[in-house]
Amino acid sequence: EKGGHPTFMDKEIAEQPQALADTLRGHFDGTRIVLDEQRLGEDDLRTVDKVFVVACGSAFHSGLVAKYAIEHWTRLPVEMELASEFRYRDPVLDRDTLVVAISQSGETADTLEAVRHARRQRARVLAVCNTNGSQIPRESDAVLYTHAGPEIGVASTKAFLAQIAANLMVGLSLAGALGTKYPDEIGREFAELEKMPQAVADTLALMEPVRQLGRELADARAVLFLGRHVGFPVALEGALKLKELAYMHAEGFAAGELKHGPIALIEDGLPVVVVMPSPRAQPLLHSKLLSNIREIQARGARTIVIAEAGDDAVAPFADTLIELPVVPALLQPLITTVPLQILAAEIARSRGYDIDKPRNLAKSVTVE
Ligand code: F6R
């Protein structure tokens, strides 16, 4: 049942190219992005003037990634909200608000209650979900299913990548309805997405040095993760994976925040994973990250750098350099997440932990 893999998590990491391909398949009809269930018309989407995205844990991080793309493509304000916080404040919602609820299980109580709250305020709700017939899609106005297949490992991997792809399709669907993108532009973005299963497969083939690194880091006390722009949610996800699986203190930061506090944590030998933006596509951010890396290396950090292949400028400052395929900037999280999943799994395994069933965690959290 694990298809020759030692754990479900290893199997599910390996299945990520397929999960992405299955999630994308059939969703572009040559003109627009096709949702799976739509109990609201194009007209309803046309009047949307604000988007809230609600989710928990990894699903929240997938939404944070997509926020950058959805704002860029639609020019609508997009607010990312932890589902557990959303209804306990007084969010400003009305008929022209679209609430996107992301949930692998479709049964997460915090997210379900956020959906109910939104609907009581007459907002429209679109669910991104991996489980057919689960509660969140049942209570939503529209649904886009991720087709990651059943995820048995408690820590989310393939569902997370599929969520990012689906969230991006939500953005393209909205951009189509609002007219901020023409069908041919949507087609071009979708074609880039369709190349990602191969890019993830190519990334998976490069992971042996990451496994080796995981074994070396088994005794580390803590690990920090830095990123910017779409690399920031990847840093958060990398840290969450490490907490969940290896029970290690791990934190993700937006690298620009470093000097506002976290740099005080840097000490000799502390492993710091840095998700580099592309030097080609994001030169300004790249140079900012480069100076961050120099700062932390000068203070003794052990720098582990996830970079685009051919990023020669960063190489001298990387104690370990993991080079990944070149992909469009907004899609980078689909590949930069992979080494962080594998790093967390390998550290946890080296420490002797059951990576499919981390302590204290349940696969679906049906209580608030
Ligand atoms: C992390 C993880 C959790 C879930 C979160 C939301 O590896 O699995 O953080 O992402 O509990 O679950 P769903 O997506 O089922 O609503």
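The values are calculated or read from the model by the stated rules, or taken from the named source; none is laboratory data. If you're wondering where the values come from, they're calculated on a predicted model, not measured in any experiment. Note that each Cβ is placed from the backbone with ideal geometry, even for glycine, and that neighbours are counted across all protein chains shown. Calculation scope for accessible area: heavy atoms of the full protein, side chains included, ligands and nucleic acids excluded. Shrake-Rupley method; radii C 1.70, N 1.55, O 1.52, S 1.80 Å.
Quick notes
- Computed with every protein chain present, the accessible area of I33 is close to 10 Å² [probe 1.4 Å].
- Between the listed residues F160, V115, I342, the Cα displaced farthest toward the positive end of the dipole of the chain, a dipole computed from Cβ unit charges relative to the Cα centre, is found at V115.
- The magnitude of the dipole of the chain, with charges of +1 and -1 set on the Cβ of Lys/Arg and Asp/Glu and taken from the Cα centre, is near 440 debye.
- Put simply, the convex hull of the Cα atoms in the stretch 19-62 casts, on average, a shadow of 4.6 nm².
- Rounded to the nearest 10 Å², the accessible area of H27 at probe 1.4 Å: 10
- With all protein chains in place and ligands, DNA and RNA left out, the 1.4 Å accessible area ranks R39, R124 as R39, R124, largest first.
- For K288, the aspartates and glutamates whose Cα falls under 13 Å of its own Cα, not counting residues fewer than eight places away in the same chain, are E257.
- Summing charges over neighbours of Q198, with a neighbour being any other residue whose Cβ is under 15 Å away from its Cβ, gives -3 when K and R count +1 and D and E count -1.
- Accessible-area composition of the chain, carbon plus sulfur, in percent [1.4 Å probe]: 50
- Near-label residues of the stretch 88-110 by backbone N, under 20 Å of a point 7 Å along Cα→Cβ of R138: 101-110
- Residue-level accessible surface for E185, protein heavy atoms, 1.4 Å, Å²: 50
- Over the stretch 45-156, Cα pairs under 8 Å with separation of 6+ residues give a relative contact order of 24 percent.
- Whole-Å distance, taken between Cα centres, linking the stretch 294-328 and the stretch 24-102: 34
- Secondary-structure-derived ellipticity at 222 nm for the chain, considering helices only, amounts to -13500 deg cm²/dmol, per-run term -39500 (n - 2.57) for DSSP H runs with n ≥ 4.
- The value given for the stretch 317-368 is a Kirkwood hydrodynamic radius of 14.0 Å, derived from the mean inverse Cα-Cα separation.
- Of Y353, Y247, the order by accessible heavy-atom surface (1.4 Å probe, DNA, RNA and ligands excluded), from most exposed downward, is Y353, Y247.
- Theoretical gain in end-to-end length, R294 to A362 [0.36 nm per residue, Cα-Cα removed]: 20.5 nm
- Equivalent ellipsoid, the stretch 286-332 (semi-axes from 5 times Cα gyration tensor eigenvalues, Å): 20, 11, 8
- Solvent exposure of the stretch 206-320, expressed per residue, is 40 Å² of accessible area, with all protein chains present and a 1.4 angstrom probe.
- Flagged links, alpha-carbon separation over 24 Å, of K241/K363; K195/K363; K243/K363: K195/K363
- Part-to-part distance (alpha-carbon centres) for the stretch 337-365 and the stretch 191-229, which is given in Å: 14
- For the stretch 90-168, accessible area per residue (1.4 Å probe, heavy atoms of protein chains only), Å²: 29
- Take every Cα pair under 8 Å whose residues are at least 6 apart in sequence, average their separation, divide by the length of the stretch 1-105, and the relative contact order is 29 percent.
- Equivalent-ellipsoid semi-axes of the chain, from the Cα gyration tensor, Å, largest first: 33, 22, 20
- Total lysine pairs under 20 Å (Cα atoms) in the stretch 1-160, excluding pairs fewer than 8 apart on one chain: 5
- 3J(HN,Hα) along the stretch 227-235: x, 9, 6, 5, x, 5, x, 5, 4 Hz, from the Karplus curve 6.51 cos²θ - 1.76 cosθ + 1.60 with θ = phi - 60°, whole Hz, x for Gly and Pro.
- Paramagnetic label reach from A309 (point 7 Å along Cα→Cβ; backbone nitrogen cut-off under 13 Å): within the stretch 204-243, residues 204-207.
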